[in-house]
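Notes follow the structure.
Since every read-out is calculated from the coordinates, none of them should be taken as a lab result. The structure presented is a predicted model; accordingly, all values stated were derived computationally and were not measured.
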Amino acid sequence: MRVCLFVILFFVSVGAAAQKDTSAVLDAMLKMEKALVEKNKDQLEALLHKDVAFGHSSGWVQSKKDVLKDMKSGFLLYNKIENNSITIEAGKKKAIVQEKITVSGKRDDKEFALTLFVMQVWVKTKNGWQLFARQSTKI
């Protein structure tokens, strides 16, 4: 009986830890999307990994430096990022996020509005959860 109780408690605690990581990843992801829309450089600095590869549906890939520079210059501006569905698989050190989004904004003074499937890889660092890789494709 004690062994059964121990096994049950073990799986409950593991499940609770995974739920906590999933919530933390979701929080970081939503903060990043909000920072893109609000042009919050400090928030993006904290949430983007130094080696991030930020891939767009056009095949264009930005580095962290590029994301910040293009936002500051106005080359790429987001007006709205709306989540349609999100799934998160989180471990202790990495997480995979899959989401469908509707996004609008301007790139090089040309308006865009897209529905995208986005896959993101988040890693847990000493600074918290950071986006390491992102790729989107048009739906």
Subject >> Helix 2-38 vs. the chain, principal-axis angle (Cα, 0 to 90°, nearest 10) >> reply: 10 degrees
Original post:
Can you give the Rg to Rh ratio for the stretch 2-138, taking only C-alpha atoms and Rh from Kirkwood?
Top reply: 1.07
